[in-house]
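In what follows, a structure is listed as structure tokens, so that the remarks can point back to it.
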Amino acid sequence: MGDDEVNVSKKRQRRRQFSSSDESEGEDGGDELLAELDVRMANLLPNTEAFTMQFPARKKNVFDNSHPPQARFKKNVKFLELRIPSNTHSGSYDKEKSRVLLSPSRSASHSSTASRVKADSSSLCTRDEDIFEGRAFQTHAPVINAFGQIKHDTFLICPLSGTFEMRKSLAHINQKKSSRRSSARDESEMTEESDTETSPAEVSKTVRVKFAKPETERQKKRREASALHRERMMANDAWVKMNVCCKDNPLCVECTDKMAAKVPQADSGQVQQKKYSNDRKLEDVRNFVQKAIIASSNETSSAIDDASLCLHKRIISTSREEQIRMQMLKCQVIKTTHLAELVDPSMTREELLRQLQECAHLVRGVWVVKSEYLFSNLPPAHGYVPGKRDEHRGESWRNARDFALALLDAKCRLTRNTLKRGFRLNDRDVEQILSTFAAKSDRCWKLKLDPDEEFLNDPANLLLILYETKFWYQHWEDIHRKIEKCQSPRRTPSKRVKRELIEPQITTL
């Protein structure tokens, strides 16, 4: 134990000596400050992305001016291919080895396979070039997320979209192996066909049956995460040819100058004016979308029965009735004052309310589109062709929607469990039904718009309000009767038999 304590004390003394020597060198001016640089972000060029490429250590002078490489790029999957010409004048270049590796068509035995392999090898590469492939992946490492450049006494930082890890392609070797296997397989098939014939039992084994089932979200995520899906995405993506520019190229110099250029600083007045102009442009875009894009769902187009009809705020070619109906199908929940601003201003209030009653119902002073316009073209639950079961499902959804609207009109609390227990629906179907007119609020569902108290307190609307309230009361009773009929237990056949036996005895007496 004594020796160990002595060794520990010696190590501590050495550490103290090293730390004191480093501090003394810093105080004496051992580390001199050479220069100070301003750090700022580089200007991002439009329609450009920055990547880094990592090549193997043995591959040097890739971007040599004397031998510029050829590049192809797949934008969606971010896959890069570089064809780098080999230096045939170098002493390490082996011409015979290059001919053996890069010409797999010579190893094919049959003429058909040889012609096919020649076509593939010609598309893959030539004799004197190396092919490097790499795919960019986004990482969270700070070294890979940005790169720096010192230019004009300024340290520029430019963000990166990813890094290409370039590896040498082995497609020519795989092609050579596949050609050999295909030739051997052809020979074996020819011999088997000449000797024996295939039995019907073996033929039946190749038959595959695939049941038509809708793909779930979990299956979709697993399919998209699979390697086969990524390979298909890469195969379907189109190649984009790119020009390779070295650092001495005028285009490359121009791009770096634009990135390093200083942005002129505007005063506060110009900033406010620019902000006001941007807000004005955004408001114009919103108005344009409000006027032009009306039919925003598939249910709306199916209810109108005219998919080519595009709604406009003031469409001259359509009548007033069509304007009101289309606006209701677009908004689904709207107030009277807001709807009056969207339709023809020459329409009177009485005519507007009369047309509204034909395509909507009043709920707490707010107009809600009728359920008969919705859920008429639901996707089939099984298979690809809708049947009677899908029609019954759409009718059940419409009854559930009317039942929920009746509860809201009666100022009752509406939850998902109410519709689930009453109509035997799942959570996804209930949320799809409620999302057409309601929104979540404090563990319950309420109308998307607040009740229109001004409309409810107007004496001129009293008869209309009473009529709509009576409709919801009668409709609620009809739906409640249907629910009781569906949930009532059926009579057993034994009771029916006993009743038929008792009735003749009573009649004889």
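A short reminder: the numbers here are calculations on the coordinates, not readings from a lab. Since this is a predicted model, take the numbers as computed values, not measurements. Cβ: placed from backbone, ideal geometry, glycine included. Neighbour counts: every protein chain shown.
Things to note:
- Relative contact order for segment 318-487, counting Cα pairs under 8 Å that sit 6 or more residues apart, in percent: 21
- Residue order, fewest to most surrounding Cβ atoms within 10 angstrom, among F455, F63: F63, F455
- Sorting the segments 340-353, 431-444, 405-418 by their residues' average number of neighbouring beta-carbon atoms within 10 angstrom, most packed first, yields 405-418, 431-444, 340-353.
- Put a plus charge on the Cβ of each Lys and Arg, a minus charge on the Cβ of each Asp and Glu, and nothing anywhere else: the dipole of segment 348-414 about its Cα centre is then about 280 debye.
- Linear extension gain, A460 paired with R428, 0.36 nm per residue minus alpha-carbon span: 7.4 nm
- Spacing of the two label points (7 Å from each Cα toward its C-beta) at H152 and K482, in nm: 7.3
- Seen through its C-alpha gyration tensor, with square-root eigenvalues sorted a ≥ b ≥ c, segment 318-487 comes out prolate because a/c lies at 1.5 or above while a/b is bigger than b/c.
- Segment K258-R413, extension gain: residue separation times 0.36 nm, minus the distance between their alpha carbons: 49.6 nm
- Residues whose amide H lies under 5 Å from that of A50, counting only those 5 or more places away or on a different chain, are S161; hydrogens are built 1.01 Å from N in the peptide plane.
- Remark: the S319-K388 segment gains 21.3 nm on full extension, using 0.36 nm per residue and subtracting the alpha carbon distance.
- In this simple spin-label approximation, N377 and N76 carry label points 7 Å from Cα along the Cα→Cβ vector, and these lie 2.6 nm apart.
- Dipole magnitude (debye, nearest 20) for segment 318-487, charges at Cβ of Lys, Arg, Asp, Glu: 940
- When each of the peptides 388-396, 225-233, 372-380, 356-364 is scored by how many other beta carbons lie within 10 Å of its residues on average, the order from highest to lowest is 356-364, 372-380, 388-396, 225-233.
- Under 5 Å, built H, 5+ apart or other chain: amide partners of A146: L160
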